[in-house]
Structure formats: structure tokens, C-alpha cells
1. In the stretch 351-370, is there at least one residue being in contact (Cβ under 8 Å) with a residue 60 or more places away in the chain, of a type outside the set (S, T, Y) and open to solvent by 60 Å² or more (accessible area, probe 1.4 Å)?
2. Report the residue count in the stretch 245-255 for those that are out of contact with any Lys or Arg (no Cβ under 8 Å at 6 or more places or on another chain) and surrounded by 24 or more Cβ atoms within 10 Å (Cβ to Cβ).
3. Show me the strands (runs of 3 or more DSSP E) entirely contained within the stretch 1-75 in which 1 or more residues are without any contact (Cβ under 8 Å) to a residue 40 or more places away in the chain, of a type outside the set (F, W, Y) and open to solvent by 70 Å² or more (accessible area, probe 1.4 Å).
4. Is it the case that some residue within the stretch 98-106 is hydroxyl-bearing (S, T, Y), touching a residue at least 60 places away in the same chain (Cβ under 8 Å) and surrounded by fewer than 24 Cβ atoms within 10 Å (Cβ to Cβ)?
5. In the stretch 433-456, what residues are on the phi < 0 side of the Ramachandran plot, open to solvent by 20 Å² or more (accessible area, probe 1.4 Å) and at pLDDT 95 or above?
6. Pairs under 8 Å by beta carbon, first residue without any contact (Cβ under 8 Å) to a residue 60 or more places away in the chain in the stretch 492-504, partner assigned to a helix (DSSP H, G or I) and aliphatic (A, V, I, L, M), six or more apart or different chains?
7. Which members of the stretch 512-529 meet the condition of being within 27 Å of the chain's Cα centre (by Cα) and either surrounded by fewer than 18 Cβ atoms within 10 Å (Cβ to Cβ) or among the small types (G, A, S) (or both)?
8. Take the residues of the stretch 224-241 that are among the polar types (S, T, N, Q) and assigned to a loop (DSSP other than H, G, I, E, B): which is surrounded by the most Cβ atoms within 10 Å (Cβ to Cβ)?
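The values are calculated or read from the model by the stated rules, or taken from the named source; none is laboratory data. As the structure is a prediction and not an experimental result, all values here were calculated from the model. Positions of Cβ are backbone-derived with ideal geometry, glycine not excepted, and every protein chain shown enters the neighbour counts. We work out accessible area using only protein heavy atoms, side chains counted, and drop any ligands, DNA or RNA first. Shrake-Rupley method; radii C 1.70, N 1.55, O 1.52, S 1.80 Å.
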Amino acid sequence: MGDAERYYVGVDVGTGSARAALVDGTGRVRSTAEHPIQTWNPQPDFYQQSSDDIWTACCTIVKKVTSTVDVTQVRGIGFDATCSLVLMDKKGNPLTVSKSGENEQNIVLWMDHRATEQAERINATHHAVLKYVGGAISPEMAPPKLLWLKENLGEACWDKAGHMFELPDYLTWRATGSTSRSLCSLVCKWTYSASEEWSDSFWQEIGLADLLSDKYAKIGCEVQSPGERVGKGLTKSAAVELGLVEGTAVGTSLIDAHAGGLGMVGADVKGHGLPCENQPITARLSLICGTSSCHMALSKDAIFVPGVWGPYFSAMVPGLWLSEGGQSATGKVIDHVVETHAAFPELKEKANSSGKSVYEYLNTYLDSLASDKHLSSPATLASGLQVWPDYHGNRSPLADPSLTGMICGLRLSAGLEDLALLYLATVQALAYGTRHILEALQGAGHDITTLFMCGGLSKNPLFVQTHADVTGLPVVLPAEPESVLVGAAILGAYASGDFSTIQSAMGCMAKVGSVIRPRLQDKRYHDKKYAVFLKMVENQREYASIMSST
């Protein structure tokens with residue numbers, strides 16, 4: 001059986017939907033499917049989902065993508081998902097994380113910030129494990145969320161809990177019955193160490209000593225590297241639900257952003273004139289951008305970067321350290337800015353009439369404005385607007401969840417042109433945020449020469465080109481736009497035994513698509529605007545300090 005006749009399924013559970021792809025051994029995506037998942041937002045900063053709803057969505061889409069092939073040719077399946085917290089009771093049933101008590105709502109979504117106060121208390125301990133999360137734990141990570149559940153839902157949730165999973169690990173448990181955890185999930189979000197394992201003193205000091213019982217059985221006492229085969233493969237019941245064969249190999253899971261990195265960063269770049277061509281893989285920064293963004297940098301040795309999560313050993317690529325920067329809201333910020341603007345109804349109507357999405361229409365509209373002003377690109381159209389995009393706090397490199405968004409340069413007008421320029425300024429601000437993270441990584445010792453980008457925002461040409469212009473680095477887009485799904489499929493491919501290492505699977509299944517190079521004519525403009533961008537946070541903190549003292 002040739003590579004093109006071997007199939008692997010990749011399943012990606014994002015914030016708003018579950019997606020699946022059937023991928024062959026050459027990395028070609030043969031079919032895809034998507035199904036929405038429900039999110040409850042009962043109050044500000046609270047976001048909840050249902051594990052049953054997500055598993056049903058996964059089963060629906062896997063059946064769809066494999067409907068046209070002989071499922072005996074499906075050699076393996078891999079899962080990735082958001083870094084969300086799943087609670088199950090001692091019988092394996094969903095257990096509520098909601099104040100209202102519905103057991104259906106048993107997932108604390110990654111972007112939930114209910115545990116901000118708990119995170120502050122954990123950070124005040126200055127425990128040694130915090131060194132591996134940039135010096136400050138985020139309310140998006142597991143320990144603060146667990147502490148919140150114990151303190152606020154003790155009787156309804158904490159006392160009844162049997163399993164506490166990261167969502168990717170829940171999916172492999174549901175598929176195989178194995179309670180093993182992924183090294184990726186535990187190292188990146190739970191303070192686990194690949195060399196020293198769990199730190200008893202950390203959990204004792206923050207008030208969660210009860211998790212130590214039975215060798216940490218509730219949160220994971222068997223840990224596997226990404227892509228390693230889980231248990232005996234699909235159980236009989238899971239195989240029926242997914243429409244696959246019992247025993248089909250299941251790869252140890254990844255967090256969604258890490259799957260995106262896995263699905264593109266190992267591509268052969270020969271012949272594309274890229275600076276990273278004759279450099280190690282550590283010269284490549286993976287940027288996975290959708291609702292939020294993750295900036296994944298690899299290194300041979302551990303590099304500690306203030307305000308950046310990690311370094312994590314073997315969390316994405318075996319044998320290499322991973323530093324993980326990020327922006328808590330990117331696509332969500334763009335949507336918010338555009339959809340709450342007074343001119344959005346007009347924009348939506350005109351986009352629909354032209355047969356374009358609102359962002360395709362906005363990009364065309366900006367190009368037209370630039371042409372009318374005899375500009376070589378739209379960049380300088382937003383010179384009068386400056387945005388600080390941390391509407392949901394700053395993940396990196398400031399590690400400050402209390403920060404909020406800012407806009408400077410508003411006028412007494414709210415027409416379509418105003419909306420287009422604010423959209424442009426917001427995209428630029430997000431690129432400045434990437435540059436801020438990139439400079440922190442490089443300042444600590446990372447040597448990065450090329451960006452590799454995937455995710456929903458990588459399909460927006462303005463977003464991609466702006467990142468190239470602002471960072472001054474070329475951006476590689478993968479041949480398969482769905483790199484996250486390819487990355488998930490690589491996990492299944494390695495688990496199947498068809499590849500001797502996960503790196504060999506990456507080399508065969510990841511391909512370069514196109515290269516976007518920086519436009520040097522806009523460099524001076526972006527350098528000046530970036531300098532102003534960095535001053536905005538100083539002003540916000542000064543304001544907060546003044547107001548807190550009144």
C-alpha cells in the first residue's frame with residue numbers, strides 16, 4: 001500500500017467548532033468536515049462547554065470525512081483541542097463547572113478568566129515551577145481554574161470529581177478508555193515537568209494537596225509523548241460511534257496550536273529562497289492564529305523568556321524545548337471591533353451584495369482607498385489611529401491579564417471608511433503584538449529568521465502581509481491551509497507505526513505553499529508606529545495607578 005493509499009484522520013476541536021480531515025500519507029487533505037459546538041457565557045469572563053456535545057460533533061465529522069473510503073485503510077487517528085478543563089465524576093459522567101449546576105456544562109473553556117484572583121495568589125507564592133510559565137501563571141491554565149472550582153463549587157463539583165482532563169486528553173480517553181495524559185497538555189498547562197514530574201510542594205502550597213492522592217490519579221499518573229499510541233486503539237464502542245474499525249491506532253494528543261506547529265514547521269523549504277533554508281528548525285517561529293494566537297519557538301537548549309510560557313521539553317517536537325508566546329484574543333478582537341461598529345450593517349449589506357465576506361470586502365475597500373490616494377499599499381491609511389489590542393488581557397510578553405484595549409485617534413464620524421481604517425489599525429496592532437513577542441524571544445536567545453503561519457487568520461491576506469511588513473520576516477503559508485488538521489493526522493500516522501519517528505511523519509506530510517515577503521517601503525512607517533504602540537501600555541498602567549489611589 002503506497003503513501004497515497006494510507007489514510008489518517010485528524011480531529012481538531014477549536015473554540016466554536018470541531019473539524020476533521022482525512023489525510024493521506026503524503027500530507028494531502030482528501031476531505032474535511034466541520035460541526036459547530038455550543039458555548040455558554042453566563043456572565044463576563046465565564047465560558048463553558050459540554051464534553052458530550054463535543055464528542056457528538058467529533059463522531060459526526062469523522063463519519064463524514066471517511067464516508068467515501070474503505071475504513072480499513074484508515075490507519076490511525078489523532079486529536080487536538082483547545083486547552084480547556086474537563087470535569088468528570090467518579091463514574092465517568094459529566095460534572096458541572098457552572099454556578100447554575102447543570103452537569104452538561106462540564107468544561108471551563110480556555111478563554112475563561114474566572115480564576116484571575118486565584119492566579120494572582122498562586123503567583124504570589126513565587127514557587128519554582130512558575131519559572132516555566134514565564135514567571136507568572138495565567139488564569140487560562142489549569143491550576144487557577146482548579147482552585148476556583150474547589151473554592152466555589154466544592155460540594156457540586158470538587159468533592160465528586162473523578163477525572164480532571166485537558167480537553168485533548170479527554171478525547172483520547174473517550175476514544176480508547178485510557179486515562180493516560182499527553183506530555184504536551186500537562187507540561188504546558190498543568191506545571192508538570194518532563195524530568196521531575198509533578199511537584200508535590202506546589203500543589204500543597206496553593207491549597208490543592210488533595211490532588212496528590214493515588215499518585216495524582218485524578219489529573220494524570222501515566223504520561224505519554226505526542227503521537228505515541230494510546231492504549232489498544234479505538235474501543236469497540238468508540239469505533240462504532242466514529243464509524244471506524246476497533247483497534248485503529250490513536251495517537252497521544254496535542255493542544256490545537258501545537259498541532260498547527262507540528263503540521264507545518266517541519267516542511268522542506270529548499271528552493272524557496274528563505275533565510276531558514278540552511279538553518280536548523282529552531283530558526284522557524286510557528287504562528288497559529290485564529291480566535292487567539294500562539295507563537296511557538298523551538299530551541300535545542302532551555303531558554304527562559306520573561307512573560308512567555310515555557311520552556312517546555314518535548315511538548316511539540318521530541319527532543320526540543322518549546323517557548324510559547326501568545327495573544328489571548330486576535331480573531332475575536334477583529335470580529336468585535338468590526339461587528340460592534342455603527343457602520344457594520346452597511347458593510348454586511350455591501351459585502352453580501354458583492355458576494356464577498358466582510359473581510360474580503362474590507363480588504364478590497366482599503367486597496368481602493370490606497371489607489372485613490374496614489375499609495376503603494378494601504379498601510380499608511382491608518383496613520384491617525386493607534387490601537388492597543390489586549391481586549392482580553394495580555395498573555396505575552398507582559399503576562400498581565402488585567403490589561404484592556406485602547407483606541408487613540410477617534411473622530412466624530414462613524415461611516416464605512418471609519419470602520420475600514422479602524423479594522424486596518426487593529427490588524428496592525430495585532431502584528432505589533434507579534435513583534436513585541438518576537439523581540440522578547442530574540443532578546444532571550446532565540447534566533448528566528450522565518451515565520452510559519454496557519455489558522456483562520458492566515459487566510460486573510462491583509463493580516464499575513466502586515467505581519468511580514470511589521471516583523472521584517474518572510475511568512476511561509478503551508479500547502480495545505482488546514483495545518484492544524486494535518487498536525488492532528490500526523491499524530492495518528494505516527495501511532496499507526498507507518499513512520500518510525502514523528503519527525504519523519506512531519507517531513508513527509510508538511511509542505512510549503514506560498515511565501516509572503518515584507519514590503520520594505522512601509523518599514524519606516526511601522527517602526528515609528530510600533531514605538532508609539534509600546535508607549536500605550538505605559539499610559540494605561542499610569543492611569544490605572546492614579547485611579548487605584550483615588
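1. no
2. Of the residues in that region, 2 qualify.
3. Because the criterion is at least 1 residues that are without any contact (Cβ under 8 Å) to a residue 40 or more places away in the chain, of a type outside the set (F, W, Y) and open to solvent by 70 Å² or more (accessible area, probe 1.4 Å), the strands (runs of 3 or more DSSP E) in the stretch 1-75 that meet it are 29-36.
4. No: the stretch 98-106 contains no residue that is hydroxyl-bearing (S, T, Y), touching a residue at least 60 places away in the same chain (Cβ under 8 Å) and surrounded by fewer than 24 Cβ atoms within 10 Å (Cβ to Cβ).
5. R435, H436, E439, A440, Q442, G443, A444, D447, T449
6. Once the first residue is without any contact (Cβ under 8 Å) to a residue 60 or more places away in the chain and sits in the stretch 492-504, its partners that are assigned to a helix (DSSP H, G or I) and aliphatic (A, V, I, L, M) give F499/A493; F499/A505.
7. G513, S514, V515, R517
8. The selected residue is T235.
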